[in-house]
Amino acid sequence: MIRDLCEGQLEGGEIGSTEITFTPGKIKGGTHIADTKTAGSVCLLMQVAMPCVLFAASPSELRLKGGTNAEMAPQIDYTVMVFKPIAEKFNFTFDCDIKKRGYYPQGGGEVIVQMSPVKQLSPINLTERGTVTKIYGRAFVAGVLPIKLVKEMSSAAVRCIRKEIRDLYINIQPVQEPDHQAFGNGSGIIIVAETSTGCLLAGSSLGKRGKNSDKVGIEAAEMLLRNLKHGGAVDDYLQDQLIIFMALANGVSRIKSGPITLHTQTAIHFAEQLTKAKFTVTKSEEEDSAKDAYIIECQGTGMMNSSL
């Protein structure tokens, strides 16, 4: 997909290959189609394409096909509810139209992302967590799965959160995905906590055969509570997704996170290899020592879009 986006050359991009050679050309806008032909995540395709199309010569439309709610990747709901509003603080915007949802193992989902290029990205500062002001979410079933699973997931999640947070109304929307907007069978839940400073942290989980729907709800709730405990302004999953934008932005970006994940360490390593960005990670001092929070700081490269 990236090869096609920038009229580049790619050698060794096949299964079993241990080495690739990629020579990029000029990034062009327009319509680009990428189809995993499996439940491979459309959100991961989006993550790869987005930093490129931001520096294209004209607006882009990405037609991405595969899994929208797949294991080992952000659910499309996470991308829209958490990633999008925070990533747009770098001073770009995108539209994400979910045409059809697709689940493991067949995939079959389709998402259309529209995005205009920018001259330069602005740095961000996400270090003030604030207090949790609302908790909301979405629990869904699709295909032949009964709607009662939604109630079971939601109730279990709410019960779990209530043990820690008693005073907030928790609004989890129950959804039966319409047949024409979903391919195959799937179920899952995402729960988002919004704070007084506009931070968004989430927990999510997917149903699968043989997995009790109460367990799905509890998993999502526990993930959310874990992310609220460390005192960071981003959750464990947003942490690594912001690294590339910090590296490209013009100026110093700072985010406060929980313990640094292996994904984030990897993202920082490659961002530093491929750009002149410099990252530092320090333990956050201002909290009570019970909290395990870190500050990720980056002196961005101030990448300019030469076409604009």
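By the compact-protein rule of thumb, 2.2 N^0.38 Å, the alpha-carbon radius of gyration of the chain corresponds to a ratio of 1.02. Toward the positive end of the charge dipole of the chain, with +1 on the Cβ of Lys and Arg and -1 on the Cβ of Asp and Glu, the farthest Cα among Q241, I268, T23 is that of Q241.
Per-residue accessible area (protein heavy atoms, 1.4 Å probe) orders L10, L274 as L274, L10, starting from the largest. When nucleic acids and ligands are ignored and a 1.4 Å probe is applied, S213 ends up with an accessible area of around 10 Å². Computed over the range 1-115, relative contact order equals 26 percent, with contacts defined as Cα pairs under 8 Å that lie 6+ residues apart. With the simple model of a label 7 Å out from the Cα in the direction of the Cβ, L308 to E222 spans 4.4 nm.
Helical content of the chain, expressed as a calculated mean residue ellipticity at 222 nm, amounts to -7000 deg cm²/dmol (DSSP H runs of 4 or more residues, -39,500 (n - 2.57) each, divided by residue number, nearest 500).
Taking the protein heavy atoms of the range 191-239 in the context of the full set of protein chains, the accessible area attributed to carbon and sulfur is 50 percent at 1.4 Å. Taking the empirical scaling 2.2 N^0.38 Å for compact globular proteins as reference, the range 1-115 has a Cα radius of gyration ratio of 1.07.
Toward the positive end of the charge dipole of the chain, with +1 on the Cβ of Lys and Arg and -1 on the Cβ of Asp and Glu, the farthest Cα among F92, M50, P178 is that of P178. To the nearest Å, what is the center-to-center distance of the range 40-100 and the range 226-296, using C-alpha atoms only? When both Cα centres are located, 20 Å separates them.
Taking Lys and Arg as +1 and Asp and Glu as -1, the other residues whose beta-carbon sits under 11 Å from that of I190 total 0. You can think of it this way: the chain between F270 and S58 has 73.6 nm of extra reach, that is 0.36 nm per residue less the Cα-Cα gap. With all protein chains in place and ligands, DNA and RNA left out, the 1.4 Å accessible area ranks E128, E61 as E128, E61, largest first. Helices in the chain that qualify as membrane-span-like (whole DSSP H runs, Cα extent of at least 30 Å along the helix axis, mean Kyte-Doolittle hydropathy of 1.6 or higher) do not occur.
Once all protein chains are placed together, T21 keeps about 70 Å² accessible to a 1.4 angstrom probe. Compute the Cα gyration tensor for the range 234-301, then decide on rounded, prolate or oblate, letting a ≥ b ≥ c be the square roots of its eigenvalues: rounded whenever a/c is under 1.5, prolate when a/b is larger than b/c in the other cases, and oblate in all that remain. Cα axes put the range 234-301 in the prolate bin.
The alpha-carbon positions of the range 153-275 define a convex hull whose volume is 160 Å³ per residue. All other residues whose Cβ lies under 11 angstrom from that of I172 are scored, Lys and Arg at +1 and Asp and Glu at -1, for a net of +2. Accessible area of C96 (1.4 Å probe, protein heavy atoms only, ligands and nucleic acids ignored): about 30 Å². Multiplying the residue separation of D179 and K26 by 0.36 nm and subtracting their alpha-carbon distance yields 51.0 nm.
Annotation: per residue accessible area for the chain equals 48 Å², rounded to a whole number [probe 1.4 Å, protein chains only]. The calculated FRET efficiency for the pair E7 and K99, based on their C-beta separation and a Förster distance of 30 Å, comes to about 0.65. For the cross-link pairs K134/K256; K148/K256; K26/K65; K37/K229, the ones whose C-alpha atoms lie over 27 Å apart are K148/K256; K37/K229.
The values are calculated or read from the model by the stated rules, or taken from the named source; none is laboratory data. Quick caveat: nothing in here was measured; it's all calculated off a predicted structure. Here the Cβ is made from the backbone with ideal geometry for all residues, glycine too, and neighbour counts use every protein chain on show. Note: accessible area is taken over every heavy atom of the protein model, side chains too, but ligands, DNA and RNA are not part of it. Shrake-Rupley method; radii C 1.70, N 1.55, O 1.52, S 1.80 Å.
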